[in-house]
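Only one structure is covered here, and it is reproduced in the block below.
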Amino acid sequence: ALPSWLLHARPEDAGASLQALSAMNPVTLDAILEAACQCDLPPIEELHRLSTPTLILAWRHDPIHPLQTAERLASALPNASLQIIDSASELCLWPGRISEFVRQHSADS
């Protein structure tokens, strides 16, 4: 489920992901995947009422977490920031962006 640009940049991550999944208890993994399939976003009206600062990180062509869902969340949450990436070099910037977001919003509270 990793994007091709990430697989090319870090091929070892695909093996590590598969290894981690195969090490999980099959009953637990099945329950997690089943729950994920049955989950959906709450009604948009409920999301509009949330004021918590939210950082949404996404990449294009993610088969598990579609970009459309990230965009829908970003438009529904009144205090959301959406960052979309397309490369491994941009992915490397995420830890710093997360830290900056937390720093900025912890100073606001």
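Applying a threshold of 7 Å to beta carbon distances and a minimum spacing of six or more residues, or different chains, the list of pairs starting in region 1-30 at a residue that is farther than 19 Å from Leu91 by Cα and assigned to a helix (DSSP H, G or I) and ending at one that is open to solvent by less than 70 Å² (accessible area, probe 1.4 Å) and of a type in the set (A, V, I, L, M, F, W, C) reads Leu21/Leu29. On the given criteria, is Ala88 open to solvent by less than 70 Å² (accessible area, probe 1.4 Å), farther than 28 Å from Ala107 by Cβ and in contact with a helix residue (DSSP H, G or I) (Cβ under 9 Å, 6 or more places away or on another chain)? Taking the combined requirement at face value, the residue satisfies it.
With respect to Asp62, determine if the residue is more than 13 Å from the chain's Cα centre (by Cα), charged (D, E, K, R) and in a loop (DSSP other than H, G, I, E, B).
So Asp62 fails the test.
Here Arg72 meets the list (1) part of a strand (DSSP E or B); (2) open to solvent by 60 Å² or more (accessible area, probe 1.4 Å) almost entirely, failing just condition (1).
The values are calculated or read from the model by the stated rules, or taken from the named source; none is laboratory data. In this text, all values refer to a predicted model and were calculated from it rather than measured experimentally. Reconstructed Cβ throughout: ideal geometry from the backbone, glycine too, with neighbour counts over all protein chains shown. Ligands, DNA and RNA are excluded from the accessible area calculation, which covers all protein heavy atoms including side chains. Shrake-Rupley method; radii C 1.70, N 1.55, O 1.52, S 1.80 Å.
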